[in-house]
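For reference, the structure discussed in these notes is given below.
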Amino acid sequence: MQLTIKHCTRYQYARAIMLQPHRLIITPRDSGELFTVRRSLEFVPPAEVSWSADVFGNLIATATFAEPTRELTITSEAVVEHTAPEWPIFAISPDAHSYPFAYSLDDVVDLGALAQPDWLTPDPQRVGAWARGFVSALQTDSLSLLKDLNAGVLGDVSYRVRDEEGTQSPASTLDLGSGSCRDIAALFIEAARHLGFGARAVSGYLFDPDQKDEDAGSTHAWAEVYLPGAGWIAFDPSNQRVGGSQLVPVAFARFNRQIMPVTGGYIGTPEDFEQMDVSVSVRASALSI
C-alpha cells in the first residue's frame, strides 16, 4: 500500500521575532515493512537545514533561520510504501513463549533502561501493581499477556484529546482515568517494563481508512515491546491493535518527550506568541493495490 503523508505546522506571532533553531522529527523511518519513495521539507521563511541522527538512530532535521518573521510554516510531505500485514504472525523464540522468561545477557545489556521502570515517576508501585493484575497464572503465554495488557488499558482509561504539552505520568493517567494517545502509550510502556519486558515509545502517524477525508490522519503515539526471535512488536493500546498495519513510525525512544515532532523557540516575550495550528493527512494513493 502506498501512503501520502502531509504534516503542516504553522506558528503566528504578534510582531516580527527572531526564531531559534528548530528540531524536527517528522520523517518516516524506513524498515523491512516501510520504504520511503520520496520526501520533502519546506519552510516559510526559508531555513538552512542540517541532518543528524540521535542516540536511537532517529533522523533529526535542525532548521536555522536568518530573518525576522511574524509567521513560521513547516510543511513535510512523504510518500511511503507500507507492507506491514494486518494479521501478523510473530516468530517468537521458544525460550520466550512462556512468561516469565529471561532475556539473554546481551539483550539485557543492550535493552538497558528500556527494560527498567522509571522509579523517579510519581507512584511507580501503583503502576506495577496494576500491571501485575494482568498476569493470570505463574506460567502464561508471553504474547497473550501483552495482548491482554494492550486490550485492557482502555478498561481503566478512556481516550481523550488533550492539547496540553507533555505526557502525564502513568500513575496520573490511572488516577484520572483518561489520557491522550501518548499518555495511554506511556502507561502501557511502563506497565510492560514493570512486568520485565523491554519496551520503547514510538511516535509517527496513524492511517485509518475509515476516517473522513477532512480528518484523514493524525500524529500518533504507541509502543513496541521486544520479544526474542520476533524482535520489536508494535502495540497500540489507544486502538487496541497489535502490529504495524496502520502505523507509520517516525522515531523510537525511551520516553515520548524525547521524540516530539517539532521543538524550538524564539527570541521575544510570551505575549509575542499568538497561536499554533497543526494539520496532518495520511491517505492511500489512488494507485495503491
So the pair-distance distribution of the chain, from every Cα-Cα distance in 10 Å bins, comes to percents of 6, 26, 33, 23, 9, 2, 0
About the Cα centre of the chain, what is the dipole size in debye to 20, counting +1 per Lys and Arg Cβ and -1 per Asp and Glu Cβ, all else neutral?
120 debye
Sort L41, L34 by accessible area with a 1.4 Å probe, largest first.
L41, L34
Relative contact order (%) - criterion: Cα under 8 Å, at least six apart; region: the range 103-212:
33 percent
Diffusion constant of the range 138-245 at 25 °C, which comes from Stokes-Einstein with the Kirkwood Cα-pair radius and 0.890 mPa s, µm²/s:
171 µm²/s
For the chain the mean separation of alpha carbon contacts under 8 Å (6+ apart) over residue count, i.e. relative contact order in percent, is 29 percent
Residue-averaged 222 nm ellipticity for the chain, from DSSP H runs of 4+ at -39500 (n - 2.57), nearest 500
-5500 deg cm²/dmol
Leaving ligands, DNA and RNA out of it, work out the accessible area of V127 with a 1.4 Å probe and give it in Å² to the nearest 10.
0 Å²
Would you please put 273-280, 257-264 in order of how densely packed they are, using the mean number of other Cβ atoms within 10 angstrom per residue and starting with the highest?
257-264, 273-280
Here, the range 78-174 modelled as identical Cα point scatterers in vacuum has Debye log10 I(q)/I(0) at q = 0.12, 0.13, 0.22 Å⁻¹ of -0.61, -0.71, -1.30
Which values, in whole Å and largest first, are the semi-axes of the equivalent ellipsoid of the range 238-289 obtained as the square root of 5 times each eigenvalue of the Cα gyration tensor?
32, 18, 10
Ignoring ligands, DNA and RNA, what percent of the 1.4 Å accessible area of the chain is carbon and sulfur?
52 percent
Report the relative contact order of the range 94-167, percent, no decimals, based on alpha-carbon pairs under 8 angstrom and at least 6 residues apart.
41 percent
If one compares the long axis through the Cα atoms of helix 181-194 with the longest principal axis of the Cα atoms of the chain, the angle in degrees, nearest 10, works out at 30 degrees
hull vol. (C-alpha, convex hull) per residue for the range 1-132, Å³ -> 204 Å³
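The values are calculated or read from the model by the stated rules, or taken from the named source; none is laboratory data. Predicted model only: the values in this text are computed from it and were never measured. Using ideal geometry, Cβ is built from the backbone for each residue, glycine included, and neighbour counts are taken over all protein chains shown. To get the accessible areas, we keep the full protein, side chains included, count just its heavy atoms, and leave off ligands, DNA and RNA. Shrake-Rupley method; radii C 1.70, N 1.55, O 1.52, S 1.80 Å.
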